[in-house]
1. Please list, in chain and number order, the residues 5+ apart from I192 or on another chain whose amide H is under 5 Å from its amide H, with Hs placed from the backbone.
2. In a shell of Cβ-Cβ distance under 10 Å around F655, excluding F655 itself, what net charge do Lys and Arg (+1) and Asp and Glu (-1) give?
3. Rounded, prolate or oblate for region 328-417? Axes are the square roots of the Cα gyration tensor eigenvalues, ordered a ≥ b ≥ c, and the cut-off for rounded is a/c under 1.5.
4. Skipping prolines and chain starts, which residues have an amide H placed within reach, meaning under 5 Å, of the one on R393, given they are 5 or more residues away or on another chain?
5. Using the Cα centre as the reference, give the magnitude of the dipole from point charges on the C-beta atoms of region 312-429 (Lys, Arg: +1; Asp, Glu: -1; all else neutral), rounded to the nearest 20 debye.
6. What's the local net charge at P77, with K and R +1, D and E -1, over the other residues with C-beta under 10 Å away?
7. With +1 on the Cβ of every Lys and Arg and -1 on the Cβ of every Asp and Glu, and nothing else charged, how large is the dipole of region 569-673 about its Cα centre, in debye rounded to the nearest 20?
8. How big is Rg to Rh over region 599-673, alpha-carbon atoms, Rh as the Kirkwood inverse-mean-distance radius?
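The values are calculated or read from the model by the stated rules, or taken from the named source; none is laboratory data. These numbers were taken from a predicted model, which means no experiment stands behind them. Cβ sites come from the backbone with ideal geometry, for glycine too, and all protein chains shown count toward neighbours. All accessible areas refer to the heavy atoms of the entire protein, side chains included, with ligands and DNA or RNA removed. Shrake-Rupley method; radii C 1.70, N 1.55, O 1.52, S 1.80 Å.
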Amino acid sequence: MVLKKGKIISIISSKNGNGASFVSVNLSICLAAFKKTVLLDTEADFSSIMLNLEIDKAAQKLLGAELDPAVFVSLLPLHSSGLYCATADYREKEVVDVFTEVLRSNFENIVFDAGTPEKHMANIIEASSLVYLVVTPDLISLKAAEKALSKLAEFHINLDKVRIIVNKYHPALGLDEKTIRKILGREIAATIPFEIEASVSVNNGKPIVMSEPNSLISLAIKDLAKLVEGSKEISMEFEVPGETSKYIINEIGIKEKIHLRVVKVLSGMNIDIESFVDLKKREEFKVIVEKTIEELFATEVSEPKCKAAREKLMKEILQEVLGLGPLEDLLSDSDISEIMVNNKDQVYVERKGKLTLSGKKFLSDKQLIACIERIVAPIGRRIDESVPMVDARLLDGSRVHAIIPPLALKGPSLTIRKFSKERLLVDDLIKFGTLSPAAVEFLKLCVLSRKNIVISGGTGSGKTTLLNVISSFIPKDERIITIEDSAELNLPQEHVVTLETRPPNIEGRGAVTIRDLVKNTLRMRPDRIVVGECRGGEALDMLQAMNTGHDGSITTLHSNSPRDTLARLETMVLMSGMELPLKAIREQVSSAVDLIVHQERFKDGTRKITHITEVAGMEGDIITTQDIFVFKQTESSNRDFISGQLLPSGIIPSFTDELLLNEKCLDRRIFAL
Ligand SMILES: Nc1ncnc2c1ncn2[C@@H]1O[C@H](COP(=O)(O)OP(=O)(O)OP(=O)(O)O)[C@@H](O)[C@H]1O
Ligand SMILES: [Mg+2]
């Protein structure tokens, strides 16, 4: 996506004292009311006074530091109106170009308070979509204006886009708009009257459009802002600063400001809070951070005034500085089952099977990475450019996957599968319509009769949950060994050995894979092997185990249909590096796997078993299968509600007699249509 670049509006003055900075400051505030706007000043002294804000060149100094643009923006002073301010040395051409470009890619409007035009500003004035020349209604100013215009022509600036703003207008001065238009030979965009309130507002450090929103000056400047925006519709009702003003309180802005100050205070104490990961020290730092924020509220940050809003802000900043930031609220919301951070600005959540944008955002990529580090560091894992991908677990057991640049192109990304405290049990799945009581009966018998089962489905389709439920049918007196990448299974039986893989250490050594564990398990005298998910070469070891006395094993794999499950198994066996002919692989698969249980997540957010399929054998080179139960959708289904049933296909599984042989009573009627 090509980002639209911000619009530059240059305000030039014919001579000092015309009020170009006054116009720039107030116009920018009006524009900031509905678009992200920055005021760029060559000499920030005047705007500093008018806005009562310290505007320094700190941001310019950081230009070469390859900062994330959002971080760069967060370093800019922010006025309570939501207007950002910047200043830079316009005598250095390099700075002019780079600085302006960064601003343009982060702001929709850049109001450039140029003062009297100078050669080194030519580029930025030329790049402006609007150029206003501020004059006062006196002949000296108008003479100077003519000179300014010829200077602009000398700098090869297209004079067609130059419009006039007449400031400090008063009829008693004897020069009316018509005469001014005639003298300068161009249109007048705005006439701002002379009013004593202008100087009062400057002296008070409160811009007139905010302090005297209904003064004639404010009305004229608001009209000018509408002209700049090309809109007559936008209502710009400025209120006197206060709790309810929709323009004055820019909570995000204040939060960023306090956050930055906290970071500054702590870095003064040699605490690099942004990369702080030691959760034990959290409590210690919490006290310091709270104190710093309270001090800021008592001194320079006056908004918000109400206690509850301050407490909310304090909580959010504490979470951001010391915890998992915007994720904290999502983690504590028990309705949310999955959190997906696509990038710092886009956090999706899953509630009752449906995905929605949460509206939460991270301040910067740096904050997001710090958050990832806070999750992975306590369990001895790390993430950086050389290890840009990591799997981890939160203390409550939630599964975390993070990936950062250079692998993630749009910035760090994070996925959290929340650990659900209430494990779903077989009755829950029946209640949700995931499977039918008859299917449960059948699956139970298959487990008791030591059938090898592969559970398949798409990502998040509920494979692990179903594996947990199906494994719970294993008799209590059997020795179960579970193998997972990150332990998610939670079996009710007592005789369970839980194994988990290990990633390589910092030197890239010591990794223990699922495959290593499967091989090792064979020496641990298991009755059943339950593998959380087969993704590669371990499939071969798993099939061999299933074929050599460890029947009754269960695993899951990612696939789109029961047929696809077989194809994936073949591919995985090939991944083991054993050069087996395809036919031999298929024979292994068909003799090892008895049943495929395929589950899907539907558009309405529900998860349902769509197929229970028997792997029947081989016909020539092809594995044959037959569906025993299939989900039949009814016609009344729509996007928001899928109705239907998991029904028997009428085919009786070929191993039915075996099930009966084992004296497990099976009512054959469950297979009848
Ligand atoms: N039958 C079901 N009905 C409703 N929700 C379910 C069902 N099965 C699982 N869930 C929920 O769906 C989410 C994903 O489930 P699970 O972890 O089992 O999926 P998965 O297929 O193993 O995912 P992955 O491919 O990421 O390993 C969990 O929040 C779980 O509680
Ligand atoms: Mg899973």
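1. Amide H neighbours of I192: V166, N167, K168, Y169.
2. -3
3. oblate
4. Residues meeting the criterion, in which the H sits 1.01 Å from N, are V400.
5. Its charge dipole is roughly 80 debye.
6. On the way: positive: K257; negative: E54, D56.
Overall, the nearby charge balance is -1.
7. My answer is approximately 460 debye.
8. 1.08
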